1. How would you rank 150-163, 67-80, highest first, on the average number of other Cβ atoms within 10 Å across their residues?
2. Could you check the spin-label model distance between HIS26 and ALA123? Points 7 Å from the Cα along Cα→Cβ, value in nm.
3. Can you tell me how much longer the chain between ARG110 and MET133 gets when fully stretched, taken as 0.36 nm per residue apart minus their C-alpha distance, in nm with one decimal?
4. To the nearest 0.05, what FRET efficiency results for ALA79 and LEU143 with a Förster distance of 35 Å applied to their C-beta separation?
5. Using a cut-off of 9 Å between beta-carbons, work out the net charge of the residues near ASP106 (Lys and Arg +1, Asp and Glu -1, ASP106 not included).
6. Given the Cα-Cα distance of THR152 and TYR46 and 0.36 nm per residue of separation, how much length would full extension add, in nm?
Amino acid sequence: MTGMDPVAEKLLYSIMQFNKGKWRQHKPHGRNHNEIMVLACLLHGYHPGERMDWRDNPPDFEGHLNQEHPGLKVSEISALMRVKSPTITPVIRGLEDEGLVERTMDPEDRRAVRITITDAGRAIIRAAHEERMQTFNRLVEHLGEEDSLQLTELLSKVYTYFDAQVSGQNESTEHRDEATEEVNEVPKSRASQSRVSKQGDDTP
């Protein structure tokens with residue numbers, strides 16, 4: 001077993017605490033995480049957590065709240081949230097039943113359906129955002145502005161590090177798969193050449 005650096009071990013268990021924190025079960029404005037994230041993706045037109053430049057340029061939430069987007073396909077929402085479509089479909093259906101989202105025809109492809117957020121959905125996002133901002137305003141008061149800014153930078157570095165690790169692993173897997181396919185193709189090619197050679201051999 002590989003020895004673990006004490007600092008690395010302490011960091012590991014510190015991060016693991018977030019997975020079991022009671023605050024993770026809290027539902028902003030009575031909505032679960034998937035519901036809020038679907039509405040947020042529809043509001044922004046992309047996953048709100050992908051905007052890393054927010055560190056320097058805080059988002060104009062009110063501006064996004066009033067913008068009109070053509071909506072997203074279910075597959076696009078699934079890709080943004082990095083889950084499979086069957087996981088998101090019932091969430092969208094529930095939001096649709098409550099009038100928070102609606103289905104519209106894609107003007108460029110009449111066979112496709114896009115999901116758009118309604119005014120009622122925007123009101124939910126506004127309320128959830130205000131509730132979360134109150135929580136984080138209190139966190140800044142608890143930590144102090146200097147520590148809060150330092151934590152922001154550190155969390156951004158952690159995200160960038162792990163995202164790069166996963167991307168590198170995915171690229172490595174893709175390269176191995178491509179190499180395996182090439183190796184498997186070689187015997188087939190040689191066998192084909194052998195058959196052609198025998199068929200074309202007129203020697204008695």
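Bear in mind that the values in this text are calculations on the coordinates, not laboratory data. All of these numbers come straight from a predicted model, not from anything done at the bench. Don't worry about glycine lacking a Cβ; one is built from the backbone with ideal geometry, like all the others, and counts go over all protein chains shown.
1. 67-80, 150-163
2. 2.4 nm
3. Separation in residues times 0.36 nm, less the Cα-Cα distance, equals 4.3 nm.
4. 0.50
5. Every neighbour counted, the sum reads +2.
6. Gain on extension, THR152 to TYR46, equals 36.0 nm.
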